[in-house]
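Worksheet: one structure, shown below.
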Amino acid sequence: MTTTELADSTAGQSMAGLLRPHLGSFAAVMVLQVIGAVAGLAPLLAVVELGRALLSPGPIDQGHVWFVVIAGAAGLFVRLLFTAASSGIGHLLDGQVQLSFRRQLAARLGRVPIGWFSRRRTGELAKVVGEDVSAVHPFIAHTPGDLASAFVVPLVSLIYLFAVDWRLTLITLIPVGLAVGLVPLMMTPARLREQEEFDAAMGRISSSVVEFVQGISVVKAFGGSGRAHRKFRTAADDFVGIFYRWVRGISGIAAGMQLVLSPPFVLLVVLIGGAVLITAGAMAPADLLPFLLLGLGLTAPVAALGHGFDDMQAAGRAVGRIRDVLDVPSLPEPAHPVAPHGHRVELRDVRFGYGADHEVLRGIDLVLEPGTVTAIVGPSGSGKSTLVQLLPRFFDPTHGSVVLGGVDLREIGSRELYRTVSFMLQDVRLLRASVADNIALAVPQADFDDVVRAARLANIHDRILRLPRGYDSVIGEDAGLSGGEAQRISLARALLADTPVLVLDEATSFADPQTEQAVRRALATLGGDRTILVIAHRLETVADADTVVVLENGSIVERGRPAELLAQDGRFAAFWRSHRSAIADEIDTHGGVPQGDEPR
């Protein structure tokens, strides 16, 4: 079974379902631990038997004494051997489980709609893939073996002690009964709710830290550090308040459990009960010895539950969050993929909303002809980014269809789709890899000459050569790039992909004027029969477009050639005048020459 199939098969399963492939290893860990734990009783029983032999009247049987000593030493050796094997296998199993979880998460995240990520906080996803997967370590590596030995050893000890004296055995179990009575108090709805609030508060802290670090330059530049720090302090203060409530609620119960399970308390109970029975002549003094040695072990199950309770709960909640991500529906793949015929794009009565109560696109009908550039303009929130994200199938429309080459995108396999459609978003993401690998991301088999050619077309080649290792420089290590330079790397990537459909979210928004002119020339040269859809924020992009589409409140309110729309003196004309006025103001303030062609 592949990792992707495994991710699909485990979606919606419980912790037991997610761990089912590893049950054989779990069983081996527990069996080895049980054998080692039972063997560990041999030294204690040897001490008991030696005490009885030495305290009994008459001559000492030296053969019996040596047999007991050898048996105790052998039991200790077996315990060390088997518990070491159990621990080793347990930690190997933990590594396998964590690797399996991360592979399943990677497979699932690689198949969910890309737009799903834009609706999630980076810190929350990082916590699931990092902290939550690591949180299963105690449950996998320690809890199974510890619980197995914690229950088996007392059971064997209990049978032995009942054979010695059933009355003192019942007295020895008094601390266990008191501790068991306290366990339900740790599992009340209020305690569980406090623990959930604790986890949620930790998630908010993680998210606020990630957001603050990612936006630190903007925060400092605009003097918003106080507000940004306040957001983190608020998350931290909420966490402290929730933590205090949780501690206040559970501290008394935990202290009481520790007291009744503590060795002094258990020994006190055993000594009082033994003294009463011995003074009454109901039990021989030598029979008190096994209760003093083995009686402490009878509290192990409750102690193990108490100490492992938090780890088990934390692991359960972590696996729940992992399962929530694995439950995210994958982008549906067609059972019988159909290849598009050509690259004419049509949006037919497309409607889309991120939620049932808010529709972002309302009945979009649009045709993108091969060999044309279509520019999308409109005010913020009009649905421009949502519309262009439908072409690379970041989302599927809730109504209507997006058709490529006469085929609905939902009938085209993802591999074929991304061989036909490439995209470049304004929010550029570069990998921590070499510059060459970043450019060749979509075409890893590309020749180095092709990579260089794409970099030249994106006007970034000369800048790359000035890096310490040229194209081998690693982004984030010895290659520090500005926003415009990173955008040109992304543009080179899109140009190298050489797909017949190109989706751009203002490809030159960070570029300097000279670079922008070079990039515009490159796009014009490569245009040919390519279908290009671009979100336009600059007049230059609008002027170069064959068709301009004006969006407002999720609907198309105007469309046509730029010059035609300008002559109509409608929404587009107002957009044009507004941007020309903004450019004029900038020239008056800073000086320079206005850019931008008049619409054709």
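From the list Gly75, Gly123, pick out the single residue that is at pLDDT below 75, assigned to a helix (DSSP H, G or I) and surrounded by 15 or more Cβ atoms within 10 Å (Cβ to Cβ).
Within the list Gly75, Gly123, the selection yields Gly123.
If Val183 satisfies all but one of (1) open to solvent by 60 Å² or more (accessible area, probe 1.4 Å); (2) within 16 Å of Gln313 (Cβ to Cβ); (3) modelled with pLDDT under 75, what's the number of the condition it fails?
That leaves (1) as the condition not met.
Among the candidates Asp569, Asp544, single out the residue that is of a type in the set (Asp, Glu) and either closer than 29 Å to His358 by Cα or surrounded by 13 or more Cβ atoms within 10 Å (Cβ to Cβ) (or both).
On inspection, the qualifying residue turns out to be Asp544.
For Val31, work out the one condition from (1) open to solvent by 80 Å² or more (accessible area, probe 1.4 Å); (2) modelled with pLDDT under 80; (3) under 30 Å from Ala318 (Cα atoms) it doesn't fulfil.
(2)
Residue check, Ile89 against (1) at pLDDT 85 or above; (2) of a type in the set (Val, Ile, Thr); (3) open to solvent by less than 40 Å² (accessible area, probe 1.4 Å), all met but one. Which one?
Of everything listed in (1) at pLDDT 85 or above; (2) of a type in the set (Val, Ile, Thr); (3) open to solvent by less than 40 Å² (accessible area, probe 1.4 Å), Ile89 misses just condition (3).
So which residues in segment 310-331 are of a type in the set (A, V, I, L, M, F, W, C) and either open to solvent by 60 Å² or more (accessible area, probe 1.4 Å) or on the phi > 0 side of the Ramachandran plot (or both)?
Met312
Please enumerate the residues belonging to segment 400-432 that are modelled with pLDDT of 90 or more and either more than 23 Å from Ala536 (Cα to Cα) or of a type in the set (Lys, Arg) (or both).
Gly400, Ser401, Gly405, Gly406, Val407, Asp408, Leu409, Arg410, Glu411, Ile412
Is it the case that segment 443-454 has a residue that's open to solvent by less than 20 Å² (accessible area, probe 1.4 Å), under 29 Å from the mean Cα position of the chain (by Cα) and modelled with pLDDT of 85 or more?
Within segment 443-454, not a single residue is open to solvent by less than 20 Å² (accessible area, probe 1.4 Å), under 29 Å from the mean Cα position of the chain (by Cα) and modelled with pLDDT of 85 or more.
Which residues, counting only those in segment 135-187, are without any contact (Cβ under 8 Å) to a residue 40 or more places away in the chain and in contact with a helix residue (DSSP H, G or I) (Cβ under 7 Å, 6 or more places away or on another chain)?
Phe162 - this is the single residue of segment 135-187 that is without any contact (Cβ under 8 Å) to a residue 40 or more places away in the chain and in contact with a helix residue (DSSP H, G or I) (Cβ under 7 Å, 6 or more places away or on another chain).
For (1) at pLDDT below 65; (2) part of a helix (DSSP H, G or I), each residue gets a yes or a no:
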residue	(1), (2)
Gln514	yes, yes
Thr525	yes, yes
Asp529	no, no
Ala543	no, yes
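Please list, ordered by residue number, the helices (runs of 4 or more DSSP H) wholly in segment 444-507 having 2 or more residues that are in contact (Cβ under 8 Å) with a residue 40 or more places away in the chain, more than 21 Å from Asp544 (Cβ to Cβ) and of a type in the set (A, V, I, L, M, F, W, C). Quick ask: steps written out before the conclusion?
Working: elements: 448-457, 461-465, 483-497.
Those helices (runs of 4 or more DSSP H) span 483-497.
If Pro290 satisfies every condition in (1) touching a residue at least 40 places away in the same chain (Cβ under 8 Å); (2) under 30 Å from Asp165 (Cα atoms); (3) open to solvent by 30 Å² or more (accessible area, probe 1.4 Å) but one, which is the exception?
(3)
Please state which one of Val260, Val270, Val218 is modelled with pLDDT under 75 and of a type in the set (A, V, I, L, M).
Only one candidate qualifies: Val218.
So the check is Cβ under 6 Å with 6+ separation or different chains; which pairs have a first residue in segment 79-100 that's among the aromatic types (Phe, Trp, Tyr) and a second one that's at pLDDT 85 or above?
Phe82/Leu32; Phe82/Ile35; Phe82/Gly36
Has segment 404-417 got any residue that is polar (S, T, N, Q), under 20 Å from Leu331 (Cβ atoms) and open to solvent by 10 Å² or more (accessible area, probe 1.4 Å)? Quick ask: steps written out before the conclusion?
Of segment 404-417, the ones polar (S, T, N, Q) are 414.
Next cut, under 20 Å from Leu331 (Cβ atoms) only: 414.
Imposing the further condition that a residue be open to solvent by 10 Å² or more (accessible area, probe 1.4 Å) reduces the set to 414.
Yes, segment 404-417 has at least one match.
Which numbered condition trips up Thr398, out of (1) surrounded by fewer than 20 Cβ atoms within 10 Å (Cβ to Cβ); (2) under 20 Å from Gly342 (Cα atoms); (3) not charged (D, E, K, R)?
(2)
Within segment 341-401, which strands (runs of 3 or more DSSP E) (wholly inside it) include 1 or more residues that are acidic (Asp, Glu)?
Fully inside segment 341-401 and qualifying: 345-352, 361-368.
Look through Ala492, Ala440, Ala536 and report the one residue that is at pLDDT below 85 and touching a helix residue (DSSP H, G or I) at 6+ places or on another chain (Cβ under 8 Å).
Ala536
The values are calculated or read from the model by the stated rules, or taken from the named source; none is laboratory data. Note that the structure is predicted; figures quoted are calculated from it, not measured. A quick note on method: Cβ atoms are made from the backbone with ideal geometry, for glycine too, and the neighbour counts reach across all protein chains shown. The accessibility values were calculated without ligands, DNA or RNA, using every heavy atom of the protein model including side chains. Shrake-Rupley method; radii C 1.70, N 1.55, O 1.52, S 1.80 Å.
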